[in-house]
Amino acid sequence: MKGSILFLTIIFSFSGVIANAQNHVIDDSKTPQYLFVITGDTGTFEGGKLTFNGTPIITFYSMATQRSVGHFLVGTFVEMWEKNAFIYKTDPPNGTISVLDEKGSLGAVIEVSNPVSTLYSITFNVRVLEGKLPSSFNASSFFLKLNVTEAPHTQN
């Protein structure tokens, strides 16, 4: 009898895990892709954190059948990220960064998470997937493809 109760408890627990996971399945038709471009005048990469300075706005481009382009303040980007965090936790986004330092131009593919912003900067936790980033750099451009549940709107 105890074995049967334990078996049923495990089955019901496991089915609850599956049902919960199904609620977080990403439906690409409901989460269109956007390309975001984050530029910075200067930046740093230390302790797994990447900061872009001189970044008041972020530009976006729709990659869906209905093309759109726009921009918004860096804080709005972080708010949008937080609304879609459940997508990014299961599949952390990655993008390509190009930086200019005293040695010239460098590029890397990076995985990003947990953006935090101030008025003119944004910081991500970063894992370098390919290439190398200097500890400090000048001009930079970061190209990041994201799925979002709600279309971003340009700010004036």
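Read-outs: derived from the displayed coordinates by stated rules, not from any lab. Please read all numbers here as calculations on a predicted model, not as lab measurements. Note that each Cβ is placed from the backbone with ideal geometry, even for glycine, and that neighbours are counted across all protein chains shown.
Side notes on the structure shown:
- Sites Thr65 and Thr96, calculated FRET efficiency, Cβ-Cβ separation with R0 35 Å, nearest 0.05: 0.90
- Using only the C-alpha atoms, the convex hull of segment 72-122 corresponds to 91 Å³ per residue.
- Loop sites in segment 58-156: trypsin sites (Lys or Arg not before Pro), DSSP, at most 10 other Cβ within 10 Å: Arg67, Lys103, Lys132
- Among the chymotrypsin sites (Phe, Trp or Tyr not before Pro) found in segment 56-121, those both in a DSSP coil and sparsely packed, with 16 or fewer other Cβ atoms within 10 Å of their Cβ, are Tyr120.
- Based on the Kirkwood approach, the hydrodynamic radius assigned to segment 101-156 is 13.8 Å, with every pair of different Cα atoms included.
- Of the GluC sites (Glu not before Pro) in segment 31-106, those whose Cβ has at most 10 other Cβ within 10 Å and which sit in DSSP loop: Glu102
- Fraction of alpha-carbon pairs over 14 Å apart in segment 39-78 - percent: 58 percent
- Flagged links, alpha-carbon separation over 20 Å, of Lys103/Lys132; Lys89/Lys132; Lys49/Lys89: Lys89/Lys132
- Percent of alpha-carbon pairs separated by more than 18 Å within segment 29-156: 50 percent
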